1. Could you work out how far apart the two model spin labels at ARG82 and ASP130 are, taking each label as a point 7 Å from the Cα in the direction of the beta carbon, and quote it in nm?
2. If R0 is 35 Å, what FRET efficiency do you get for GLN137 and GLN26 from their C-beta distance, rounded to 0.05?
3. Quick one: Debye curve from the C-alpha atoms of segment 1-49, no solvent, what's log10 I(q)/I(0) at q = 0.13, 0.16, 0.20, 0.26 Å⁻¹?
4. Label ARG117 and ALA90 with points 7 Å out from Cα along Cα→Cβ: what is the distance between them in nm?
5. Mind jotting down a quarter of the surface of the convex hull over the alpha carbons of segment 83-146, in square nanometres, one decimal?
6. With every protein chain left in place and a probe of 1.4 Å, what is the accessible surface of THR126, to the nearest 10 Å²?
7. When Lys and Arg each count +1 and Asp and Glu each count -1, what net charge do the other residues less than 14 Å away from VAL41, Cβ to Cβ, add up to?
Amino acid sequence: MQERQWITDRRSELDALAEQLTKQLQEVQVERDELAIAERVLNRLAEQVQADAEAAAPGAAQVAGGRSCSSRTAATDVGALRGDYRRVLAIVREADGPVQVRAVGERLGLNVSVRGRLEPLRAKMTKLVDRGWLRKQPDGRFNARR
């Protein structure tokens, strides 16, 4: 009879262990999926940085059928900028002082309650800073170079 009790007890222990391992395996699979997503995002960012670097190269104003955010030294005319960059620049220039990305997003009609919706706009504004059209303040706000 003791053997039967031992078998029952051992089966219970193994069932509990199997349940714990199943839970751990699910957690590992979720983390692996998250890492795969993070890797795809990093690859896309690296491709975008490379494309931006190529676009900023001297004489490389054309990018995939459209105009890039050209260098200010290459073209001081706002007309050289793509439409979305021109709109951002106009909004910042109209402001009385430095503006936050959120304020520009509101003026553009973006859903500013979702932080992720502002990141592409922040990237455009940063490109305008890199190319000399805007200035970024230490507090993260932007103003136009006049």
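The values are calculated or read from the model by the stated rules, or taken from the named source; none is laboratory data. Treat the numbers as computed from the prediction; the structure is a model and nothing was measured. Quick reminder, even Gly has a Cβ in these numbers, built from the backbone with ideal geometry, and neighbours come from all protein chains shown. Surface areas here come from the heavy atoms of the whole protein model, side chains and all, with no ligands, DNA or RNA. Shrake-Rupley method; radii C 1.70, N 1.55, O 1.52, S 1.80 Å.
1. 1.3
2. FRET efficiency, GLN137 to GLN26: 0.15.
3. -0.53, -0.62, -0.73, -0.87
4. The two pseudo-label positions are separated by 2.1 nm.
5. On the way: hull surface 16.3 nm².
Seen from a random direction, the Cα hull of segment 83-146 projects 4.1 nm² on average.
6. Ignoring ligands and nucleic acids, THR126 comes out at about 50 Å².
7. Working: positive: ARG40, ARG44; negative: ASP33, GLU34, GLU39, GLU47, GLU119.
Residues close to VAL41 contribute a combined charge of -3.
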